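> Have a look at the structure that comes next, please.
The values are calculated or read from the model by the stated rules, or taken from the named source; none is laboratory data. This is a predicted model, so every value here is computed, not measured. Here the Cβ positions follow ideal geometry from the backbone for every residue, glycine too, while neighbour counts run over all protein chains shown.
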Amino acid sequence: MYEPKLICAALEQLFLPAADKSLLAGLRITITAGPTREAIDPVRFISNHSSGKMGYAIAAAAVALGAKVRLISGPLASPLPLPAAITPIMVTSATEMLNAVLADVGDIFIATAAVADYRPLAPATHKMKRDANGMNLTLTPNPDIVATVAALASPPFCVAFAAETEALKDYARQKFIAKKVNLIAANLVGGLEGGFNRDENSLWLFWGSGELQLPLMPKPQLALALLQQIALLYYPS
Ligand code: C5P
């Protein structure tokens, strides 16, 4: 069961003021969530730590704010709740995730997935046998999904995440430039505030001309705060 604090935060989305409920009305938002799995053989894979909680929370919050959401999810260790308006598109590998994203990317793309950086170059068709001498695995880089989307001829508003263990601001700013996104949401992992598998998180947001710190809070509330900032940047007054 989720922590009571998290359940309350999710309930708050049901009772948003009328103005907030139409903040993202008419917008189509594509969100990636969870890890990807890259096959080594039919029974083994390479993957990342990711519960999918942040991406699923953003998808639920975007629906609460009136958006039409496509959620593209890697395989989750435990199922996560979603509003009835969302049927996730389940994928396994980074390549499948990229294809699903490109099928209809919409107006805003939010990349929360922990995509595996590499995949085995030649996955075995049958289960590989243990070799007492060890083994070498040749890996090839996966496509960078958010960078691919940001490089489209008519890109949507792109948001990337950066999970770092040190020098958060420097690495986040570097990623903002390298991936050519509109906004980057960075968080420290591995320390006391580590975001993986947790029900709470904090984020530093960086964009071309500004930054904003969202303090530690339940992921459903954090998702709302992030989307409110995205709306401000998407609809500059
Ligand atoms: O470069 P790094 O993996 O740290 O970047 C993280 C951000 O880029 C996240 O938003 C993640 O979803 C996205 N990403 C991606 N495709 C990849 C690797 C990361 O979309 N192959």
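> Give region 30-46 a look and list any residue that's hydrophobic (A, V, I, L, M, F, W, C) and part of a loop (DSSP other than H, G, I, E, B), or say none. Let's see the steps before the verdict.
Just the residues of region 30-46 that are hydrophobic (A, V, I, L, M, F, W, C), to begin with: 31, 33, 39-40, 43, 45-46.
Across region 30-46, the qualifying residue is only V43.
> Continuing with the same structure: Taking E200 as the residue in question, decide whether it is of a type in the set (D, E), surrounded by fewer than 13 Cβ atoms within 10 Å (Cβ to Cβ) and over 27 Å from E96 (Cβ atoms). Write out each step before concluding.
Values: of a type in the set (D, E): yes; surrounded by fewer than 13 Cβ atoms within 10 Å (Cβ to Cβ): no; over 27 Å from E96 (Cβ atoms): yes.
So E200 does not fit the description; no.
> So, one more: Does L232 satisfy the criteria of being in a helix (DSSP H, G or I) and under 27 Å from S22 (Cβ atoms)? Walk me through it before giving the result.
Numbers: in a helix (DSSP H, G or I): yes; under 27 Å from S22 (Cβ atoms): yes.
Yes: the conditions hold for L232.
> Please work out which residue is farthest from the ligand (Cβ to nearest atom), limiting yourself to region 140-186 and to residues that are assigned to a strand (DSSP E or B) and touching a residue at least 40 places away in the same chain (Cβ under 8 Å).
Restricting attention to region 140-186, the residues satisfying the condition of being assigned to a strand (DSSP E or B) are 140-141, 157-164, 183-186.
Next cut, touching a residue at least 40 places away in the same chain (Cβ under 8 Å) only: 157-161, 163, 183, 185.
On the way: F157: 14, C158: 9, V159: 7, A160: 4, F161: 4, A163: 7, L183: 10, A185: 8 Å.
Within region 140-186, the match that is farthest from the ligand (Cβ to nearest atom) is F157.
> May I pose another question? Test each condition in (1) over 22 Å from L23 (Cβ atoms); (2) without any contact (Cβ under 8 Å) to a residue 40 or more places away in the chain; (3) in a loop (DSSP other than H, G, I, E, B) for N197 and report the one that comes out false.
Exception for N197: condition (2).
> Look through A122, A84 and report the one residue that is in a loop (DSSP other than H, G, I, E, B), at pLDDT below 95 and either of a type outside the set (S, T, N, Q) or closer than 19 Å to V146 by Cβ (or both).
Working: A122 fails: at pLDDT below 95.
When all the criteria are applied, what remains is A84.
> Being at pLDDT below 95 and more than 13 Å from the ligand (Cβ to nearest atom) narrows it down to one of M90, M135, so name that one. Even if it seems obvious, please write down each step before you answer.
Values: M90 fails: at pLDDT below 95.
Testing whether each residue is at pLDDT below 95 and more than 13 Å from the ligand (Cβ to nearest atom) leaves just M135.
> Next question, about the same structure. Does region 53-62 contain any residue that is more than 25 Å from A225 (Cβ to Cβ) and not aromatic (F, W, Y)?
No, the conditions are met nowhere in region 53-62.
> Also, quick follow-up: Consider region 94-126. How many of its residues are within 8 Å of the ligand (Cβ to nearest atom) and out of contact with any strand residue (DSSP E or B) (no Cβ under 7 Å at 6 or more places or on another chain)?
Qualifying residue count, region 94-126: 2.
> Still on this structure, I have one more. When the residues of region 200-227 are filtered to those that are in a helix (DSSP H, G or I) and of a type outside the set (S, T, N, Q), which remaining residue is nearest to H49 (Cα to Cα)? If you could, list the steps in order and put the result at the bottom.
The first filter runs over region 200-227 and keeps only residues in a helix (DSSP H, G or I), leaving 219-227.
Adding the requirement that they be of a type outside the set (S, T, N, Q) leaves 219-220, 222-227.
Working: K219: 17, P220: 20, L222: 20, A223: 20, L224: 23, A225: 24, L226: 22, L227: 24 Å.
Among residues in region 200-227 that are in a helix (DSSP H, G or I) and of a type outside the set (S, T, N, Q), the one nearest to H49 (Cα to Cα) is K219.
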